[in-house]
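The values are calculated or read from the model by the stated rules, or taken from the named source; none is laboratory data. Note that the structure is a prediction, hence the values are computed from the model and not measured. Cβ: placed from backbone, ideal geometry, glycine included. Neighbour counts: every protein chain shown. Ligands, DNA and RNA are excluded from the accessible area calculation, which covers all protein heavy atoms including side chains. Shrake-Rupley method; radii C 1.70, N 1.55, O 1.52, S 1.80 Å.
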Amino acid sequence: MNRSAVLWVTLAVFAQEAVWNFYDAQVPEQLRHYFTSAGVIGLIMGLDHSWGIFTQPFVGFFSDKLVRRRAGRWPIVLIGAAVASVPFVLIPWADNLLLLMLCVVGFAAIANAFKGVTETLVSDYVVRSQRSKAQGFIKAGAALTIIVSSLISLLIVDHSLHLAFAIPPLLMLIMLGLSWAFLGRRHTEAVLPEDKTETAREFGSPWAVMKDALRTPSSPTFLLMIGIFCFAGMWSALRSLMTPYGTQVLDLTRGEAGGLALPGAVAFLVCVLPIAYLSNKLGQLRSMRYGVGLFIAGLLVGFAWPTVPGTITAMILSSLGYASFAVNALVALWNLAPTQRVLGTYTALYTIASQSGMALGPGILGTTIDLTDWRYMLLNAAVFAVITFLVFTRLAARTPARSAA
């Protein structure tokens with residue numbers, strides 16, 4: 001495993017996710033100034049993710065064409081980050097609904113376009129057999145962003161919202177700049193050579209890649225995308241609605257509620273690397289199924305124990321369950337690709353599945369809250385997560401050989 005490359009790709013993903021985690025933690029509370037319905041807030045938080053469904057197949061396919069060139073995929077990442085920072089910083093300055101929606105949608109549209117390209121960078125520098133382990137390190141870096149986001153919420157949001165929204169994009173630009181300086185500038189030296197034994201397959205468009213991948217509704221790729229859709233949807237819903245849940249059910253301040261994810265992030269960070277190594281023995285799909293089971297157990301604990309300690313316990317257990325999914329899902333999808341030349345486009349398939357779930361999940365969960373009460377949020381999420389467990393159970397039983405790849 002190219003440890004230096006993994007380090008700098010991890011830093012790049014960290015930079016990107018630091019912004020997204022703070023966005024998910026604080027933008028819903030910003031929207032509550034204009035909307036009282038949890039369903040509407042969840043729908044808006046979900047719709048911003050839908051941009052990636054339309055943009056990432058084209059951006060991912062274009063990035064696949066750049067891999068063997070001097071700068072590789074890096075220009076897409078660097079330019080996208082610089083442009084996306086502008087509307088993000090302006091969110092707390094928006095003094096009416098129209099301006100707020102322009103900032104929120106503008107950031108989401110731009111940031112979603114290059115998000116998958118950053119995640120695909122690891123496949124350019126790490127051989128196939130080591131990518132699950134590399135993903136463990138990368139997801140550990142992503143867990144640190146939840147800690148950073150939570151600390152900003154706890155220490156700064158209640159004192160200066162404008163400063164709080166300026167810190168994450170500044171960190172993103174600095175860290176992406178460092179990643180490019182130490183890895184991107186020597187891309188031609190670090191990138192993996194082409195596999196001469198691989199059967200050459202050329203695809204003329206991202207649609208041709210997707211048509212090949214989704215030949216039938218029973219294909220492993222299609223089933224895996226359904227599982228990704230379901231799990232990503234519920235995880236996004238919890239992230240998006242946890243701060244309002246903390247203020248409505250646990251009587252916390254906005255900053256305190258924004259920090260509820262911190263203990264779960266620490267648990268994720270501690271356990272994600274052992275999970276990555278264990279997944280090589282259990283198989284990726286089986287590991288994801290066990291993760292969903294733990295995720296459901298955590299939600300049920302939180303529902304049965306509606307206090308701050310109970311909610312923290314729930315977030316720790318559900319975060320560990322999500323860790324198994326986060327480490328394995330994208331790599332499992334890459335392993336189904338017909339050629340290594342389309343991994344950026346296969347990352348776009350992951351995006352289509354995950355972003356579709358993220359687009360619908362908060363709205364669905366929020367609507368169930370409107371029909372019941374904030375008190376039942378975790379129980380409602382657990383019911384939906386059972387569907388995810390059934391999908392991964394069927395997929396693991398049907399494709400045991402691929403799950404261990």
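From the list F295, F229, F268, which residue is in contact (Cβ under 8 Å) with a residue 12 or more places away in the chain, closer than 30 Å to R32 by Cβ, part of a helix (DSSP H, G or I) and open to solvent by 20 Å² or more (accessible area, probe 1.4 Å)?
On the way: F295 fails: open to solvent by 20 Å² or more (accessible area, probe 1.4 Å); F268 fails: open to solvent by 20 Å² or more (accessible area, probe 1.4 Å).
Within the list F295, F229, F268, the selection yields F229.
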When both residues are 6+ apart or on different chains and their Cβ atoms are under 6 Å apart, which pairs have a first residue that lies in the stretch 1-29 and is farther than 21 Å from S85 by Cα and of a type outside the set (S, T, N, Q), and a second that is open to solvent by 10 Å² or more (accessible area, probe 1.4 Å) and assigned to a helix (DSSP H, G or I)? M1/Q130; A5/A190; V6/F137
Quick one: S354 ticks every box in (1) open to solvent by 10 Å² or more (accessible area, probe 1.4 Å); (2) out of contact with any Pro (no Cβ under 8 Å at 6 or more places or on another chain); (3) at pLDDT below 90 bar one, so which box is it? (1)
Checking R32 against (1) surrounded by fewer than 24 Cβ atoms within 10 Å (Cβ to Cβ); (2) within 24 Å of V126 (Cβ to Cβ); (3) out of contact with any Leu (no Cβ under 9 Å at 6 or more places or on another chain); (4) in contact (Cβ under 8 Å) with a residue 60 or more places away in the chain: exactly one of these is not met. Which one? (2)
M377 passes all but one of (1) over 18 Å from the mean Cα position of the chain (by Cα); (2) surrounded by 24 or more Cβ atoms within 10 Å (Cβ to Cβ); (3) at pLDDT below 90; (4) not basic (K, R); which number fails? (3)
Here is a list: G310, G361. Which entry is open to solvent by less than 30 Å² (accessible area, probe 1.4 Å), touching a Gly at 6+ places or on another chain (Cβ under 6 Å), over 30 Å from Y125 (Cα atoms) and free of Cβ contacts under 8 Å to residues at least 60 places away in the same chain? G310
Can you tell me which residue in the stretch 273-292 is modelled with the lowest pLDDT, limited to those that are closer than 13 Å to R131 by Cα and open to solvent by 30 Å² or more (accessible area, probe 1.4 Å)? N280
Residue hits (the stretch 69-86; more than 23 Å from the chain's Cα centre (by Cα) and open to solvent by 50 Å² or more (accessible area, probe 1.4 Å)) are R69, R70
Out of the residues in the stretch 40-82 meeting the condition of being touching a residue at least 24 places away in the same chain (Cβ under 8 Å) and outside any helix (DSSP H, G or I), tell me which one is farthest from I369 (Cα to Cα). R70
Of (1) surrounded by fewer than 23 Cβ atoms within 10 Å (Cβ to Cβ); (2) more than 26 Å from L294 (Cβ to Cβ); (3) modelled with pLDDT of 85 or more, A382 fails just (2)
Would a scan of the stretch 52-64 turn up a residue that is polar (S, T, N, Q), surrounded by 20 or more Cβ atoms within 10 Å (Cβ to Cβ) and under 22 Å from I147 (Cβ atoms)? no
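Could you list, in sequence order, the residues of the stretch 305-321 that are over 30 Å from L395 (Cβ atoms) and not β-branched (V, I, T)? Break it down into steps so the answer makes sense when it comes.
Step one: of the stretch 305-321, the residues over 30 Å from L395 (Cβ atoms) are 305-312.
Within the stretch 305-321, W305, P306, P309, G310 meet the criteria.
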For the stretch 149-174, name all the residues that are farther than 17 Å from F88 by Cα and under 20 Å from the mean Cα position of the chain (by Cα). S150, L151
